[in-house]
Amino acid sequence: MLGGEYGIFVAAVVLVVALADWHSLHVNFFNWSVAKGLFPDIITVGLRNTVIYTVTGFALGLVGGLLLALMRLSSVLPYRWFAMAYIEVFRGLPALLIFIFVGTGIPLAFPGTELPGGVYGQAAAALGLVSAAYMAETIRAGLEAVPPGQAEAARSLGMSRFRAMRTIVVPQAFRVVIPPLTNELVLLFKDSSLALFIGVSLTQRELTKFGRDLASQQGNTTPILVAGLCYLLITIPLGYLARRLEARQKRGRR
């Protein structure tokens, strides 16, 4: 049985190799002369802007996610209702709609309103709105994983509820949720490609927009492939880091 499965795999590989047009693949996907022409702009413009959008969006999402998680666990009913509604709505909507709403809806709803940073601020806001909903549930799970006795001991020492949460519960919760938050950073890095729907200038292009524009100009798919490799340079190490952190946590529980 196992030999047959290996045989099917080898046959599929041989069939693909035999049917592929290697000359066309080389010219249209692995064209070295086209790839060389992308540097250094694909790094100094495309990758740089992608990192900026991702990091600022992650920071906003982390702050928003923490606030939503605390509201979700609050004893005040309006806080809980708001947090639950926000999480359900923004987890249920496609991220693309959020980008379009931030880019076009906010200026129409609030004439004259402009987010700080222009396109950078809009992209960060859209990513932050989306990621906050997902991070909120992750952080909430981390807060609930902290033994209640920790907060009770802090209160018995005279700490206020806010101080106990800030100095005792939240730091322990974040140690628990670092691996899933790292995975969220990977997803956010890829979602930053939606910034192109906001309407970016040449100097504000992220990797996907940069690769697509150059592919259209040159009639060649190599720029898109190179842009994809740039994404992998970030996402693969982050994914590896998340797995290492998860493994370390599992060993710590034994």
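The values are calculated or read from the model by the stated rules, or taken from the named source; none is laboratory data. Computed from a prediction, not measured in an experiment: that's the story for all the values here. Please note: Cβ atoms are built from the backbone with ideal geometry, for glycine as well, and neighbour counts cover all protein chains shown. Areas reflect the complete protein model, heavy atoms only, side chains present, ligands, DNA and RNA absent. Shrake-Rupley method; radii C 1.70, N 1.55, O 1.52, S 1.80 Å.
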(message) Being in contact (Cβ under 8 Å) with a residue 24 or more places away in the chain and either within 21 Å of VAL102 (Cα to Cα) or among the charged types (D, E, K, R) (or both) is the requirement here; does ASP213 meet it?
(response) no
(request) Kindly indicate whether GLY149 is over 30 Å from LEU241 (Cα atoms), modelled with pLDDT under 90 and not in a helix (DSSP H, G or I). (result) no
(request) Output the residues belonging to the range 77-118 that are closer than 17 Å to LEU188 by Cβ and assigned to a helix (DSSP H, G or I). (result) ILE87, PHE90, ARG91, ALA95, LEU96, LEU97, ILE98, PHE99, VAL102
(message) Can you tell me how many residues within the range 24-43 are among the hydrophobic types (A, V, I, L, M, F, W, C), within 20 Å of THR208 (Cβ to Cβ) and loosely packed, with under 13 Cβ neighbours inside 10 Å?
(response) 1
(message) List the residue pairs whose Cβ atoms are under 9 Å apart, where the first residue sits in the range 62-88 and is touching a residue at least 40 places away in the same chain (Cβ under 8 Å), the second is of a type in the set (S, T, N, Q) and part of a helix (DSSP H, G or I), and the two are 6 or more positions apart or on different chains.
(response) LEU62/SER131; GLY64/SER131; GLY65/SER131; GLY65/THR138; ALA69/THR138
(message) What are the pairs with Cβ atoms under 8 angstrom where one residue, in the range 1-30, is outside any loop (DSSP other than H, G, I, E, B) and the other, located anywhere, is at pLDDT 80 or above? Sequence gap at least six, or different chains.
(response) VAL27/ASN220; ASN28/ASN220; ASN28/THR221; ASN28/THR222
(request) Restricting attention to the range 186-223, report how many residues are in contact with a Phe, Trp or Tyr (Cβ under 7 Å, 6 or more places away or on another chain), open to solvent by less than 20 Å² (accessible area, probe 1.4 Å) and not in a helix (DSSP H, G or I). (result) 1
(message) All but one of (1) open to solvent by less than 60 Å² (accessible area, probe 1.4 Å); (2) assigned to a helix (DSSP H, G or I) hold for MET159; state the number of the condition that does not hold.
(response) (2)
(request) Please specify each residue of the range 78-93 satisfying the condition of being within 13 Å of TYR134 (Cβ to Cβ) and open to solvent by 70 Å² or more (accessible area, probe 1.4 Å). (result) GLU88, VAL89, ARG91, LEU93
